[in-house]
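Novice: What follows is a single structure, and I will ask about it in a moment.
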Amino acid sequence: MDSFPPPVTRNSARPPRPGELRAGDADRDRVAAVLSDALADGRLDHDEHEERIQALYQARTLGELTALTADLLPPEAQPLRTDDGPVMAFFGSQERSGRWVVPTRFSATAICANVTLDLREALLQSGHVTLQVTVMAATLTLIVPEGVRIEMPASAIMGGKKNQVPPSPDGPVIEITGLVTLGSIVAKSPKRPRRSWFRR
């Protein structure tokens, strides 16, 4: 499964930080598209574009790639995200999606809000991720690709927990801990496209 390659092997016991993870060709393609747009609309001149393209194909880690577009787009629109800060939403909504690194230990808070964590294109920092949640009068939705196992030991007080992800004994594990009060957590896989009877 492309979204969840094996973690990087290192001599140190410390897991690699998000920016230290190895970049793949798809990651370089995402950054190259942003650089191309920046050249087309004048945010980069030809020399700057050529310089960044050279750096792009020499980059080995996600951190090196994110530096190439940091001044071209706001954080939420970056083609790659290696920030490992918590997701927090109060009386509103927030979504994290696209190509982002999910730390081994991660937290999300939703209070009177809706939070969506879309992991379909995400990169797990390790094969076992612990998601600590605080959900109060809110809804937290987790979208994962096939092959991921969801565990939900989180406590629920007048709240609900729904795991709609098909079990996968061999895939990476996302363990959801924490507290749900007067709200709900929903973990699901994306719907498969319906078959067209007119397709040949």
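Novice: Is it fair to say L123 is modelled with pLDDT under 95, of a type in the set (A, V, I, L, M, F, W, C) and surrounded by 15 or more Cβ atoms within 10 Å (Cβ to Cβ)?
Specialist: Yes, satisfied.
Novice: Let me ask something else about it. Could you list, in sequence order, all residues of the range 92-120 that are closer than 20 Å to M158 by Cα and either part of a strand (DSSP E or B) or modelled with pLDDT under 95 (or both)?
Specialist: The answer is A108, T109, A110, I111, N114, V115.
Novice: Can you name the condition, by its number, that S168 falls short on among (1) modelled with pLDDT of 95 or more; (2) in contact with an Asp or Glu (Cβ under 8 Å, 6 or more places away or on another chain); (3) not hydrophobic (A, V, I, L, M, F, W, C)?
Specialist: (1)
Novice: Considering the range 156-177 alone, what residues qualify as being exposed (fewer than 15 other Cβ atoms within 10 Å of the Cβ) and closer than 17 Å to K188 by Cβ?
Specialist: G160, K162, Q164, P166, P167
Novice: Select from the range 46-70 the residues that are assigned to a loop (DSSP other than H, G, I, E, B) and open to solvent by 90 Å² or more (accessible area, probe 1.4 Å) and list them in ascending order.
Specialist: Correct list: R60 only.
Novice: Could I ask something else about it? Being among the basic types (K, R) and in contact with a Gly (Cβ under 6 Å, 6 or more places away or on another chain) is the filter here; which residues of the range 116-149 pass it?
Specialist: R149
Novice: Same structure, new question: Tell me, please, whether a residue that is closer than 16 Å to G98 by Cβ and under 18 Å from the mean Cα position of the chain (by Cα) can be found in the range 34-49. Can you show your working first?
Specialist: Step one: of the range 34-49, the residues closer than 16 Å to G98 by Cβ are 34, 37.
Next, from what is left, pick out any that are under 18 Å from the mean Cα position of the chain (by Cα): none.
No; the residues of the range 34-49 include none that is closer than 16 Å to G98 by Cβ and under 18 Å from the mean Cα position of the chain (by Cα).
Novice: So F106 ticks every box in (1) within 20 Å of N163 (Cβ to Cβ); (2) open to solvent by 30 Å² or more (accessible area, probe 1.4 Å); (3) of a type in the set (F, W, Y) but one. Which box is left unticked?
Specialist: It is condition (2) that F106 fails.
Novice: Within the range 118-137, can you find the residues that are free of Cβ contacts under 8 Å to residues at least 60 places away in the same chain and touching a Leu at 6+ places or on another chain (Cβ under 8 Å)?
Specialist: Passing the criteria: L131, V133, T134, V135, M136, A137.
Novice: Output the residues belonging to the range 138-155 that are open to solvent by less than 50 Å² (accessible area, probe 1.4 Å) and either assigned to a strand (DSSP E or B) or out of contact with any Lys or Arg (no Cβ under 8 Å at 6 or more places or on another chain) (or both).
Specialist: Within the range 138-155, A138, T139, L140, T141, L142, I143, G147, V148, I150 qualify.
Novice: Output the qualifying pairs, or none if there are none: Cβ atoms under 8 angstrom, residues six or more apart or on different chains, first residue in the range 153-174 and under 24 Å from Q125 (Cα atoms), second residue exposed (fewer than 12 other Cβ atoms within 10 Å of the Cβ).
Specialist: Hits for this filter: G171/M1.
Novice: L73 - would you say it is assigned to a loop (DSSP other than H, G, I, E, B) and either open to solvent by 40 Å² or more (accessible area, probe 1.4 Å) or in contact with an Asp or Glu (Cβ under 7 Å, 6 or more places away or on another chain) (or both)?
Specialist: Spelling it out, L73 is indeed assigned to a loop (DSSP other than H, G, I, E, B) and either open to solvent by 40 Å² or more (accessible area, probe 1.4 Å) or in contact with an Asp or Glu (Cβ under 7 Å, 6 or more places away or on another chain) (or both).
The values are calculated or read from the model by the stated rules, or taken from the named source; none is laboratory data. Just so it is clear, the model here is predicted, and its values are computed rather than measured. All Cβ positions, even for glycine, are placed from backbone atoms using ideal geometry, and neighbour counts span all protein chains on display. When the accessible area is computed, the model is the full protein with side chains, heavy atoms only, and any ligands, DNA or RNA have been set aside. Shrake-Rupley method; radii C 1.70, N 1.55, O 1.52, S 1.80 Å.
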